[in-house]
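Any read-out appearing in this document is the output of simple, stated calculations on the displayed coordinates, not a laboratory observation. These numbers were taken from a predicted model, which means no experiment stands behind them. Ideal geometry is used to build each Cβ from the backbone, glycine not excepted, and the neighbour counts take in all protein chains shown.
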Amino acid sequence: MSPGTIGWLSAGLSEVPNDDSWVDPGMAARFSGIRFTKRFTEARLARWVAKRTVAATLGLAETPESLRRIVIRNAPDGAPEAIVGEEPISAVIAMTDRADWSVCAILDGGGRVGCDLELVEPRSAAFVADYFTATEQRRIAAATDTRILANVMWSAKESALKVLRTGLRRDTRTVEVHLDDDDAADWRPLHIGDDEGRSYPGWWVRFGEFVLTVAAEGPTMAPVSLVEPPPLAEATPGHAWMDSMKLPNGANQEM
Ligand SMILES: CC(C)(COP(=O)(O)OP(=O)(O)OC[C@H]1O[C@@H](n2cnc3c(N)ncnc32)[C@H](O)[C@@H]1OP(=O)(O)O)[C@@H](O)C(=O)NCCC(=O)NCCS
């Protein structure tokens with residue numbers, strides 16, 4: 001993969017090995033107290049995907065032993081970092097998960113990257129009014145498919161807020177999403193402007209019920225899946241963690 005290209009890898013919960021042979025000691029210690037919760041299931045899936053993304057990018061084996069040497073940790077602000085053999089890798093990564101699917105994006109050659117996976121789901125008028133700028137609200141109201149536009153824009157905001165490393169600590173109306181082109185290419189360009197005059201170029205794609213966005217500090221080529229075809233292309237949203245929590249009477253256990 002050439003510098004300036006965002007690589008990405010997707011996987012669903014059903015692909016994650018049940019055993020912990022690929023889990024590094026730090027991850028095992030961190031998650032030892034939170035088994036069988038939604039957070040544990042999502043975080044384990046996301047790390048399985050992130051470790052494989054790093055392995056595929058660096059040309060490392062995807063064996064359990066090799067994956068165990070790849071450590072995914074979080075900086076104090078929450079942003080993910082990859083370490084191999086105690087050294088931070090030169091590439092930056094971003095992680096996201098939704099409905100039992102996870103994506104990791106990786107960018108070599110400097111700068112930050114963000115990615116966000118969302119479902120094409122209804123967004124209430126109150127949600128749109130609270131979290132989108134006036135311009136975005138007008139565009140959503142005028143769209144032929146409001147649901148797609150609202151979710152692409154929301155996802156792109158989250159990607160940009162990951163590039164900025166603030167996440168939702170920052171007011172989502174301080175970043176504004178612009179879709180640059182609406183032709184039929186798989187990945188379509190967009191950019192996100194912030195209230196300090198900076199612009200973050202990115203891309204969006206739809207796979208069935210999912211939309212995925214990526215953003216970076218500077219221009220990048222359209223993202224390249226590290227596995228072809230990308231498993232997300234055939235993905236169905238799941239809620240396996242919820243099913244596993246069901247009690248015989250149909251109620252869910254306390255989270
Ligand atoms: C970052 C955020 C927008 C993502 O929200 P989300 O849509 O619910 O979740 P996603 O699955 O798309 O993304 C989660 C991943 O974003 C990444 N992330 C978290 N904080 C981040 C930040 N400040 N910058 C960049 N990426 C961040 C992490 O890798 C996280 O997954 P992990 O916790 O398993 O490592 C949201 O979690 C947020 O705003 N958090 C506020 C910052 C925060 O409280 N961080 C927690 C640790 S201090």
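When only Cα pairs below 8 angstrom with a gap of at least 6 residues are kept, region 5-229 shows a relative contact order of 20 percent.
Fewest to most neighbouring Cβ within 10 Å: what's the order for His178, His239? By the 10 Å Cβ count, ascending: His239, His178. Amide H to amide H, with H built 1.01 Å from N, Ile6 comes under 5 Å of Met221, Val224, counting only residues 5 or more places away or on other chains.
Taking GluC sites (Glu not before Pro) across region 30-69, the ones in a DSSP loop with at most 16 further Cβ atoms lying within 10 angstrom of their Cβ are Glu62.
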